[in-house]
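These notes are about the structure you will find just below.
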Amino acid sequence: MSEQPSDPLVDTLVDGRYHVHSKVARGGMATVYLATDLRLDRNVALKVLHPHLATDNSFLDRLRREAKAAARLSHPHVVGVLDQGNDGTLAYLVMEYIRGHTLRDVLDRQGFLTPRLALAYLDAVVEGLGAAHAAGLVHRDVKPENVLVSDDGRIKVGDFGLARAVTTTTNTGTLIGTVAYLAPELLDGRPGDARSDIYSVGIMAYEMLTGEQPFRGELPVRVAMQHVTSSVPAPSAALPGLAADLDELVRYCTEKDPESRPADGFALLEDLRHIRTTLSDEELDYTRGAAAAGSRTAGDESTTAMTAHVARPTEMLSRGTHPTSVLPIDRRPAADARPYAAGLYPPDETGPLEFTGAGESQREQKRQARAAAAARARAAAIPVQELRRGNPRRRGATLLIVALLLAVLLAVAGWFFGLGPGALATIPNVQNQTVAQAQALLQEQGLTSTSKDVHDESVQQGLVVRSEPRANTQQRKFQPVTLLVSQGPVLYSVPQLVGGTLEEATAALRNAQLAVGTVTEQYDEDKAASVVLSQDPAPDAQARGATPVDLVVSKGPTPIPVPSVVGLSQDEAIQQLSDLGLSPQAAAEKVFDTNVPTGSVVSQDPSNTSLTRGDKVTLTISKGPKLVKVPNYVGKQASKAIRDLQQLGFEVKVNNILGGFFGTVRAQNPVGKEVPEGSTITLTVV
């Protein structure tokens, strides 16, 4: 087998600046190479357009404008456009090089994602799209292949502007995009906007949650027709047990009518983050069971399932509103008909024509026979004699009247569509106008209007959000223009949270489409821990969806450090503890203590801890030292006297005379008296 030729651009220098190292990928509109910007010494992604696009001057002009707009867009979730230019017959874009993989690689490897992981990917994608929409850019080719994941975990959306440039400059009967993710309005030939990207995000969300695309078919046109005629199924139909909020998210994004979808990426981002805060951990980490996971093994993969997961490049589709179709031929012969085909069995012949000769001569005979059969068919369709001759004068008068009527109708139609109610008028820009001002502007153009209330996050209540059809489009004067009048943002009533627990408040806010804000804890002498003390905004206030409500929550009564009152008199100890809000009381029994005077505190329970107001502290009071009668040991051996006195709890002091040679107690002080336990007894020993 012969070796495949290498790419001619590899190891070449483009525009004297970009050294091409290797080919990274090839798509429907361009080939991407890894290159080094020699001027700035950095790696870049060099996207070189296919030759048929690089020679289209109108496309290149549009591409330059789109590249400038994309280059001004700097966002952490959007692949940056660094440069654009031409090098001979090459037209190229230079973009930020992301080392890593695509979301398609993640789906091919894992099959499907948990809701927590899917929402994390969608958050980054939608935030990047929102920034692009705010800058006036529409992607038009949102799909997993265009979501890049760097090795360090950054998520970026790539290929901004290129699909739009192709779509707006190529033939009007051609649509470029990936059919699995295209919005119905694009397939119907209607103009697309930011809401078309939102539809693609909804399809991508369905695929991330279920592991498969909602619409499948062997041919792209079959998939396209399903986008136009069918509704995207709920993900929970493919993955039972999935949270209902995720079904609603996919349904909201993939509505057939663009007006029913989120207006742009930032509008969707608010709903997306609200869903992430309201789902429980079980719902966020929900996944298929072991049995369902086993159904995706290699042995069970069906051809249809495999086809559904094949990543398709950007495709070029015909976009005719009413395409020519081939009707099936009814091959059942009439009762008196003879079979014939291609003019070889003419109606006036009893059998097939016989041809003589061979090669070119025979083909010429067949051609002539077919032409003759066609001529006879045309002649049979034209009558050769009138069935009714009529009166020539009457027929002439009738023709004159018909001609006059046609002239009048043409004149009326010309007036109607040229100057009258059927004439075209340009719809003025009525955004941020009052209804009366908008109606006046429309009346100046000869247009009538109806109004429709809508909620809008940015336009003040009572002002016009936009018109349908939109401004600067043309419409017949007799057709009414719909004014979409802002009712302000959707507002939700703040529930009563004070008096309930923090857990109850969290659930109530989630049910009210609001969110928990800052939670501040403080001590409260009357409320148990975790009870809500106050809230902001107040109950019954009106707030936008996902508005945070700040809460102040009780930590319970203030803790009181218990001081040590040991050694204090009973009255002093009780007074000190009472002043702190504690409840001191003396123990029923007092105890002897050599070191603590009578009536003072020997011990307390508890000690070295903290209590709350009203808690009890028990004090043990001293009866003073215990009195013990001192025995008389004069004349007895000193060793026995010392031992006995120490056993009675006395301290013994010995004074030896003559070295205490005999070991006999000569004198004792005190003796025969009751003294406090622990007193010192002096013995004189000889």
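What follows draws every value from the coordinates through simple rules; no lab data is involved. Bear in mind that the values here come from a model prediction, so they are computed numbers and not experimental data. Glycine gets a Cβ as well: all are built from the backbone with ideal geometry, and neighbour counts include every protein chain shown.
When peptides 523-534, 646-657, 149-160 are sorted by average Cβ neighbour count within 10 Å, with the highest value leading, the order is 149-160, 523-534, 646-657.
Relative to its residue count, the stretch 100-287 spans a Cα convex hull of 114 Å³ per residue. The dipole here belongs to the stretch 601-686: it is taken about the Cα centre, uses +1 on the Cβ of Lys and Arg and -1 on the Cβ of Asp and Glu, and is about 220 debye. Computed from point charges on the beta carbon alone (+1 for Lys and Arg, -1 for Asp and Glu), the dipole magnitude for the stretch 560-621 about its Cα centre is near 120 Debye. Centre-to-centre separation between the Cα atoms of the stretch 515-546 and those of the stretch 402-473: 51 Å. Distant-in-sequence amide contacts of T178, defined by a placed amide H-H separation under 5 Å and a gap of 5 or more residues or a different chain, comprise E315.
Distance between the 7 Å Cα→Cβ label points at T680 and S231: 10.3 nm. Please tell me which of these pairs span more than 27 angstrom C-alpha to C-alpha: K590/K616; K590/K653; K527/K590; K623/K673; K68/K477? Result: K590/K653; K527/K590; K68/K477 exceed 27 Å.
Distance between the C-alpha centres of the stretch 19-76 and the stretch 233-280: 34 Å, rounded to the whole angstrom. The slack between S150 and A135, meaning 0.36 nm per residue of separation minus the straight C-alpha distance, is 3.0 nm. Go ahead and collect, in residue order, the members of the stretch 473-515 whose backbone nitrogen is under 19 Å from a label point 7 Å along the Cα-Cβ direction of S451. Answer for the stretch 473-515: 480-490. Taking amide H atoms as placed 1.01 Å from N in the peptide plane, the amide H of V430 lies under 5 Å from those of S467, each 5 or more residues away in sequence or on another chain. Pull up all non-local amide H partners of A586: gap of 5 or more, or a different chain, and H-to-H distance under 5 Å with H placed in the peptide plane. So A586 has HN proximity to L619.
The distance between label points at S583 and S534 comes to 3.1 nm (points 7 Å beyond Cα on the Cα→Cβ vector). Taken along the Cα-to-beta-carbon direction at a fixed 7 Å, the label points for S493 and T12 span 7.1 nm. Sequence-ordered 3J(HN,Hα) estimates for the stretch 608-624 from the Karplus curve with 6.51, -1.76 and 1.60 and θ = phi - 60° stand at 6, 8, 10, 10, 10, 3, x, 5, 8, 10, 8, 10, 9, 9, 7, 9, x Hz, glycine and proline given as x.
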